[in-house]
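Report on the following structure.
The values are calculated or read from the model by the stated rules, or taken from the named source; none is laboratory data. Keep in mind that this is a model prediction, so the values were computed, not measured. Here the Cβ is made from the backbone with ideal geometry for all residues, glycine too, and neighbour counts use every protein chain on show. For the accessible areas, the whole protein counts, side chains as well, though only heavy atoms, and no ligand, DNA or RNA atoms are used. Shrake-Rupley method; radii C 1.70, N 1.55, O 1.52, S 1.80 Å.
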Amino acid sequence: MEFKESDGYKKDLKKLAKRFKTLPEDLKTLQKVLEVMPDERPPISARVSGLGVSETIIKVKRIACRAMKNKGSNTGLRLIYCYKKEGEEIDLIELYFKGDKENEERTRIIEWCNTE
């Protein structure tokens, strides 16, 4: 499985890694899980619908982060990615903390889908 990071995702990660020091390592663990089970798995992850794109866009709702003590996987971190079955590829689009913003940036996802 190949992972690609969008420029927006890289900026998100850099910003959040300053607040949550273990986040880069925790995301590597999540990538190992996604290599084995890349499709949606409610309630951990779900498809993002209503975008009008043909790609499979998935939001991971439960991400364990060791920097957030006593939270387990209910940290409020969200990851948006595109899973391309035919190419065995996952494109990481957006990473955000739910305390900073309520929902994903749908325009960013649509723009990314249109440029791929």
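Residues are listed down the side, and each one gets a yes or a no for (1) touching a residue at least 12 places away in the same chain (Cβ under 8 Å); (2) surrounded by 15 or more Cβ atoms within 10 Å (Cβ to Cβ); (3) under 22 Å from Asn74 (Cα atoms):
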{"site": "Lys14", "(1), (2), (3)": "no, no, yes"}
{"site": "Asp26", "(1), (2), (3)": "yes, yes, yes"}
{"site": "Leu34", "(1), (2), (3)": "yes, yes, yes"}
{"site": "Ala46", "(1), (2), (3)": "yes, no, yes"}
Of the residues in region 1-10, those that are within 13 Å of the chain's Cα centre (by Cα) and either of a type in the set (A, V, I, L, M) or surrounded by fewer than 17 Cβ atoms within 10 Å (Cβ to Cβ) (or both) come to Phe3, Lys4, Glu5, Lys10
Among residues of region 54-65 being closer than 19 Å to Lys85 by Cβ and either surrounded by 15 or more Cβ atoms within 10 Å (Cβ to Cβ) or in contact with a strand residue (DSSP E or B) (Cβ under 8 Å, 6 or more places away or on another chain) (or both), the residue modelled with the lowest pLDDT is Glu55
Exactly one of Ile90, Ile80 is open to solvent by less than 10 Å² (accessible area, probe 1.4 Å), touching a helix residue (DSSP H, G or I) at 6+ places or on another chain (Cβ under 9 Å), without any contact (Cβ under 8 Å) to a residue 40 or more places away in the chain and not acidic (Asp, Glu), and that one is Ile80
